[in-house]
Amino acid sequence: MYKKFVTQLFLCNLLLIMSWFCLGGAQLNKAAAAQAFQVSAGEAPKPRADRFFGLSKRAASGQRVVDYVVMEKEYKYDLKSEDYEALLKIVQAEAGNEDLEGKMLVAGVVMNRVESSKFPDSVTEVVMQKEKGVYQFSPVGNGTYYKAVASGETVEAVEKVLKGEDITGGALYFAARKSADPEKMRWFDGSLVRLFSHGNHEFFTNG
């Protein structure tokens, strides 16, 4: 009977020791797994610096981040970040109250000018261009351009145009007749070919 008691006591102690080792091993595995996860997460490759085609996708307007690798083949135009920002601002300043197509039309006219030999070769230069001391785009002259913050729809319109969607019909000029200088509108009517109107703007090309 004494031997039976000793054997039972030994088995109980053995079970306790095995349980302690199992519990310790589980805690060790949990800690190791957590550490491995933290290292893995910390070493995960970060997305490229919010850029595609050299465009900074970090505007105060909150536009979406577009990965360069994904979007590389989808965009027609390769713009510098300052040109992209200038395009957003001028579209917002000129067509902030227009619908998506109205915004696309303004962006499209700017890009048509960039591609035309009659205008400067970059978006920023086109937007800032003067003719006889007068800015080609009135928001630059009156300062509203500098305060413009692109809306989500403006970003969408600009990206559509940069991907090659062109609804301008070749327009190189636009004007809001109701608010434009009458003398300027006489020049538009006499020197250019009117293509169509959309929203508050009329669109023209060279005669």
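The values are calculated or read from the model by the stated rules, or taken from the named source; none is laboratory data. The structure displayed is predicted, hence computed values, not measured ones. Counting neighbours? That spans all protein chains shown, and the Cβs are built from the backbone with ideal geometry, glycine included. Only protein heavy atoms, including side chains, enter the accessible area calculation; ligands, DNA and RNA are left aside. Shrake-Rupley method; radii C 1.70, N 1.55, O 1.52, S 1.80 Å.
Computed values, structure above
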| read-out | value |
| --- | --- |
| Residue match in segment 104-124 (condition: under 18 Å from the mean Cα position of the chain (by Cα), among the small types (Gly, Ala, Ser) and under 16 Å from Val161 (Cα atoms)) | yes |
| Segment 184-207, residues that are among the acidic types (Asp, Glu) and either open to solvent by less than 50 Å² (accessible area, probe 1.4 Å) or within 33 Å of the chain's Cα centre (by Cα) (or both) | Glu202 |
| Matching residues, segment 121-135, being assigned to a loop (DSSP other than H, G, I, E, B) and modelled with pLDDT under 95 | Lys132, Gly133 |
| Some residue of segment 136-156 being farther than 20 Å from Glu82 by Cβ, at pLDDT 95 or above and assigned to a strand (DSSP E or B) | no |
| Members of segment 154-179 that are hydrophobic (A, V, I, L, M, F, W, C) and surrounded by 17 or more Cβ atoms within 10 Å (Cβ to Cβ) | Val155, Ala157, Val158, Val161, Leu162, Ala171, Leu172, Phe174, Ala175 |
| Residue under evaluation Lys178, criteria (1) in contact with an Asp or Glu (Cβ under 9 Å, 6 or more places away or on another chain); (2) at pLDDT below 95, criterion not met | (1) |
| Tally, over segment 90-120, of residues that are in a helix (DSSP H, G or I) and either open to solvent by 20 Å² or more (accessible area, probe 1.4 Å) or at pLDDT below 95 (or both) | 8 |
| Any hit, segment 139-153, residues being surrounded by 11 or more Cβ atoms within 10 Å (Cβ to Cβ), more than 19 Å from Leu79 (Cα to Cα) and among the acidic types (Asp, Glu) | yes |
| Residues of segment 129-150 classified as of a type in the set (A, V, I, L, M) and free of Cβ contacts under 8 Å to residues at least 24 places away in the same chain, total | 1 |
